[in-house]
Amino acid sequence: MSEIKNQNLTIQDDTVVSLEYTLQVEGEIVDSTGEDEHIQFIQGYGQIIPGLERQLYGMSSGESKEVNVPAEEAYGELDEDALGTVPLDEFPPDMPMEKGVALQLRDQDGESFDAYVESVGKKTVEINLNHPLAGKELFFSVKVLDLRPATEDEIAHGHVHD
Ligand code: ZN
């Protein structure tokens, strides 16, 4: 069985990239596609972390690379002021309340935003609006599994079609 691949194609804007990756933070694996699994995205559309996307340009199919992404090109610097307190009884009683649990909250205008449980008291919950990986440097091991040019439809829609 042979698969025809365009060996000359390298990652540039409007390339559909199939990528296998492992993400480590402070020496621990926090996310991974697993072996023979992958994510697929169109390069140049900000569909993945900016600092990772930037360092993929020029890679070819089959190529592996270690990519370090500083916090400012990943989930941003930690904002010490992005903390808040919410009464415990505003949360559904069946909700697991412990550090790191992701919440979706709404502000006065009805806009939803993400927050994370920082700590749980008797009557209040401290929430943190920073992403759990804010302020952290990310270490990716990536392998490009496949590349192809995006179709006109995909470029118009800004996402990959199966
Ligand atoms: Zn579409």
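Specify the residue that is nearest to the ligand (Cβ to nearest atom); the eligible residues are those in the range 107-162 that are closer than 26 Å to Ser64 by Cα, touching a residue at least 12 places away in the same chain (Cβ under 8 Å) and open to solvent by 70 Å² or more (accessible area, probe 1.4 Å). Among them, the one singled out is His159. Number of residues in the range 88-106 that are of a type in the set (Gly, Ala, Ser) and surrounded by 10 or more Cβ atoms within 10 Å (Cβ to Cβ) equals 1.
Going through (1) part of a strand (DSSP E or B); (2) out of contact with any strand residue (DSSP E or B) (no Cβ under 8 Å at 6 or more places or on another chain) one by one, Glu118 falls short only on (2).
Screening Gly46 on (1) part of a loop (DSSP other than H, G, I, E, B); (2) surrounded by 15 or more Cβ atoms within 10 Å (Cβ to Cβ) shows it passes everything except condition (2). For the range 70-87, filtering for residues that are surrounded by 14 or more Cβ atoms within 10 Å (Cβ to Cβ) and assigned to a helix (DSSP H, G or I) leaves 2.
For the range 49-67, taking the residues that are in a loop (DSSP other than H, G, I, E, B) and not acidic (Asp, Glu), the one that is most open to solvent (accessible area, probe 1.4 Å) is identified as Tyr57. I'm trying to understand the selection: among the residues of the range 4-49, which are hydroxyl-bearing (Ser, Thr, Tyr) and over 16 Å from Ser64 (Cβ atoms)? Correct list: Thr15, Tyr45.
The values are calculated or read from the model by the stated rules, or taken from the named source; none is laboratory data. Please read all numbers here as calculations on a predicted model, not as lab measurements. Glycine also receives a Cβ, built like all others from the backbone with ideal geometry; neighbour counts cover every protein chain displayed. For accessibility, only protein heavy atoms count, side chains too; no ligands or nucleic acids. Shrake-Rupley method; radii C 1.70, N 1.55, O 1.52, S 1.80 Å.
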